[in-house]
């Protein structure tokens with residue numbers, strides 16, 4: 001072989017072919033992104049309640065962004081699925097406490113597909129200038145889809161719900177959970193890009209000022225916006241105050257079979273209310289303006305069972321104020337998860353039927369197919385609950401109390417239209433006894449804290465077995481019970497009727513971010529087509 005001349009005229013030995021990559025190095029190169037994706041999912045899970053490590057969401061998305069950046073859609077889809085498993089498997093483990101691992105694993109397997117598709121979209125727009133902006137919008141679009149499909153959606157695990165203790169929380173008052181979640185993800189991806197630019201500058205000695213500025217803006221702008229949004233968060237009273245009593249009667253024992261002891265559950269809540277009445281008569285407690293019972297506090301239909309109606313009426317007369325009772329009611333051949341307004345003089349005067357019932361919990365989609373797989377599952381939901389169709393706002397001693405029953409608190413629309421229907425404070429009656437001492441109750445409590453800021457309302461959370469709580473409009477928990485103990489919370493709370501920007505704008509911030517994601521995807525598609533025509537792949 002003839003030696004090639006160098007520029008100086010001398011000879012240069014031929015270049016040796018590169019040594020083949022070892023099999024171990026190849027496997028390491030393939031495994032590292034997979035491990036990073038799964039660990040970033042675990043990191044995001046760790047940012048959720050009951051932990052107060054909200055800031056872990058930023059490095060979680062920084063690692064995810066680095067893992068996905070520049071990849072083609074197929075490997076990005078796989079890495080996104082691993083991220084979804086790392087996040088959702090521990091987050092939703094409570095769904096299998098009483099029914100076994102099958103439904104839990106099935107739910108996670110399906111929901112992780114949505115995160116995988118979102119990851120593929122993030123990888124696509126990661127090749128664009130200022131990619132953290134487009135990527136965060138894609139994440140928001142993915143959450144919007146997951147909150148609606150299938151079977152009405154499953155918003156549990158939205159990034160915003162992990163930020164109840166975070167400094168970005170005031171953004172919920174401006175644009176609701178979509179804007180809050182977008183801001184968190186944008187900062188995380190901005191952190192990723194800032195680190196990448198710093199490493200590049202150190203390696204090459206070249207500082208790309210525009211790219212560095214975009215990265216720092218993505219990282220820091222959400223915090224500046226949150227600081228400005230604090231002006232929209234107000235815990236002051238606009239319509240006076242009301243003294244509320246939240247009753248937690250407790251349940252006889254844990255598990256699904258507590259419904260078989262539904263009379264005991266009802267009696268527990270009656271007893272706790274009568275104890276409050278005794279304290280009032282003794283001058284040890286202030287008489288409330290209204291009393292709030294949890295979901296399923298009377299699984300005996302008081303409209304069909306005189307004995308249940310009698311004890312509820314007795315409790316209402318003892319305390320001397322209206323009670324919102326959570327009941328299971330049959331009407332016209334249909335079963336409803338219903339809130340009943342029980343007046344001490346007139347008895348039941350108003351009702352609210354839960355509108356967003358829980359698939360596989362309160363009704364069973366695809367019943368024939370699921371029955372063919374496992375008859376035990378169909379037996380556990382032997383009869384489907386019907387849905388209500390109007391927001392629930394009870395007038396209780398002149399106060400507009402909005403009802404958002406348990407699972408409904410996860411849905412933006414269910415809370416928003418209840419506020420718009422005239423709620424001056426919100427109640428989220430829940431029954432978490434099925435899920436034992438799991439993290440579920442703390443995850444749900446965090447949702448209610450975010451909702452308080454989002455709509456500028458006091459939120460009460462009466463739960464059969466805990467944790468019951470009272471939350472001010474700025475998201476602070478001012479009173480709470482333990483778990484699986486009886487308890488009563490009595491507190492004077494502010495009433496408000498003004499609308500936050502989030503309440504007024506409704507879905508507009510979410511759709512604007514979805515449109516931004518579509519614009520980013522379109523731009524990336526146009527660049528890809530142009531690059532292919534030019535014979536390059538950018």
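Quick note: the coordinates plus some simple rules give every number you see, no bench work behind them. Quantities reported herein were computed from a predicted structural model and do not represent experimental measurements. Here the Cβ positions follow ideal geometry from the backbone for every residue, glycine too, while neighbour counts run over all protein chains shown.
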> Tell me, what is the percent relative contact order of segment 385-461, built from C-alpha pairs under 8 Å that lie six or more residues apart?
Replying inline: 29
> Based on the Kirkwood radius over alpha-carbon pairs, what value in µm²/s does the Stokes-Einstein equation return for the translational diffusion coefficient of segment 263-389 at 4 °C and 1.567 mPa s?
Replying inline: 81
> If you line up the long axis of helix 440-455 against the longest principal axis of the chain, both from Cα atoms, how many degrees apart are they, to the nearest 10?
Replying inline: 90
>> Let's test the formula: R0 of 56 Å, r as the Cβ-Cβ distance of residue 29 and residue 151. What FRET efficiency results, to the nearest 0.05?
In response: 0.90
> Going by how many other Cβ atoms sit within 10 Å of their own, how do 180, 290, 403, 39 line up, fewest first?
Replying inline: 39, 290, 403, 180
> Nearest-5 percent of antiparallel DSSP beta bridges in the chain?
Replying inline: 70
> If we count other beta carbons within 10 Å of each Cβ, what is the order of 439, 143, fewest first?
Replying inline: 439, 143
> If all Cα-Cα distances of segment 315-457 are sorted into 5 Å bins from 0 onward, what percent lands in each bin, rounded to whole numbers?
Replying inline: 2, 9, 16, 18, 19, 16, 11, 5, 2, 1, 0
> Helix 73-91 sits at what angle to the longest principal axis of the chain, using alpha carbons and giving 0 to 90 degrees rounded to 10?
Replying inline: 30
> Classify segment 166-249: rounded, prolate or oblate, from the alpha-carbon gyration tensor (a ≥ b ≥ c, eigenvalue square roots; a/c under 1.5 rounded; otherwise prolate if a/b is larger than b/c)?
Replying inline: prolate
> Helix 209-229: angle to the longest alpha-carbon principal axis of the chain, degrees 0 to 90, nearest 10?
Replying inline: 10
>> With an 8 Å Cα cut-off and a minimum separation of 6 or more residues, compute the relative contact order for the chain in percent.
In response: 16
>> Give me Rg/Rg_expected for the chain, where Rg uses Cα atoms only and Rg_expected = 2.2 N^0.38 Å with N residues.
In response: 1.13
> Which whole-angstrom value gives the distance between the alpha carbon centres of segment 133-198 and segment 59-123?
Replying inline: 15
> Alpha carbon centre of segment 467-538 versus segment 226-247: separation in Å?
Replying inline: 19
> Using r as the Cβ-Cβ distance of residue 165 and residue 241, and R0 as 25 Å, what FRET efficiency do you calculate, to the nearest 0.05?
Replying inline: 0.45
>> For the ranges 153-166, 226-239, 385-398, 51-64, what's the packing order if you count other beta-carbon atoms within 10 Å of each residue, average per peptide, and put the highest first?
In response: 153-166, 51-64, 385-398, 226-239
>> Please arrange 68, 219, 171 by how many other C-beta atoms lie within 10 Å of their C-beta, fewest to most.
In response: 219, 68, 171
>> Need one word for segment 476-529: rounded, prolate or oblate. Basis is the Cα gyration tensor (sqrt eigenvalues a ≥ b ≥ c); a/c below 1.5 gives rounded, then a/b vs b/c decides.
In response: oblate
>> Compute the distance from the alpha-carbon center of segment 379-455 to that of segment 18-57, in whole Å.
In response: 36
